[in-house]
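Below is one structure, written out as structure tokens; comments come after it.
The values are calculated or read from the model by the stated rules, or taken from the named source; none is laboratory data. This one's a predicted model, so the numbers in the text were calculated from it and none came from an experiment. Cβ placement follows ideal geometry from the backbone for every residue including glycine, while neighbour counts extend to all protein chains displayed. Surface areas here come from the heavy atoms of the whole protein model, side chains and all, with no ligands, DNA or RNA. Shrake-Rupley method; radii C 1.70, N 1.55, O 1.52, S 1.80 Å.
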Amino acid sequence: MNIKDITKKCFKCKNPKCINSCPLNLNIPEICRLIENDNEYEAYQKLKENNVLVSLCGVVCPMEQQCAKECLYHKTKKEFFPINEIEQYLTNKYYIDDKYNFPKTTNRSVVIVGGGPAGLTAAIELRLAGFKTTLIEAENTIGGVLSTHLPKFRFDNKILLNKLEELSKGIDFIFGKKVGKDIPI
């Protein structure tokens, strides 16, 4: 099935419950509309609007317990709307080429503790805002549970780590140190 056929399944509700039941408030009907109107790159931009790590976090999103569960499509057809297929299609097509052009740093700096999805997202967003950003991670790698507990059948850890490193260029890292133990507060 091609991507437009999948997006046509979306009812494009006037009051979509999927948006409110998504922790990131993804506007799934708008993403579907954009794809149907041959604006796939705009759909991708809309997809990552609230999550710079969309291709990584989307892989493990429990959509069946969130947006897809509340979707009118699910309520009427008794099957989940395949938002994960749309996310995967868009990120496979555009995420590889997506580079963050970090601006020159200002005299503002910030330290982030923890290199999991939340810490990385904060570090990338703050670096995009011009902050000199340092991330401290107790482990010797970034990614948190995505890199340590994600089964290989869900996502190849080597691809994950390569993508995280690519997205994190311009951010300074301190690995293998715990704040409060190795690094004084």
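Structure values in brief
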read-out: Share of carbon and sulfur in the accessible heavy-atom surface of the chain [1.4 Å probe, %]; value: 52
read-out: Estimated dipole of segment 1-146 in Debye, rounded to 20 [Cβ of Lys and Arg +1, of Asp and Glu -1, Cα centre]; value: 400
read-out: Options (i) 58; (ii) 69; (iii) 62 - which one matches percent of Cα pairs over 19 Å apart as calculated here; value: (iii)
read-out: Shape of segment 1-54, Cα gyration tensor, a/c cut at 1.5; value: oblate
read-out: Environment charge at R33 (Cβ cut-off 15 Å; Lys +1, Arg +1, Asp -1, Glu -1); value: -1
read-out: Accessible-area ranking of V54, V145, V110, largest first, probe 1.4 Å; value: V145, V110, V54
read-out: Per-residue [θ]222 nm for the chain (sum of -39500 (n - 2.57) over DSSP H runs n ≥ 4, rounded to 500); value: -11500 deg cm²/dmol
read-out: Heavy atoms of F102 accessible to a 1.4 Å probe, total area in Å² rounded to 10; value: 40
read-out: Translational D in µm²/s for segment 43-152 (Stokes-Einstein at 10 °C, 1.306 mPa s, Kirkwood Rh from C-alpha pairs); value: 100
read-out: Solvent-accessible heavy-atom area per residue, rounded to whole Å², over segment 27-85 at 1.4 Å; value: 48
read-out: GluC sites (Glu not before Pro) lying in DSSP loop within segment 82-144, provided at most 16 other Cβ fall within 10 Å; value: E139
read-out: Shape call, segment 38-82: gyration tensor on alpha carbons, a/c limit 1.5; value: oblate
read-out: The chain, relative contact order [Cα under 8 Å, separation at least 6], %; value: 17
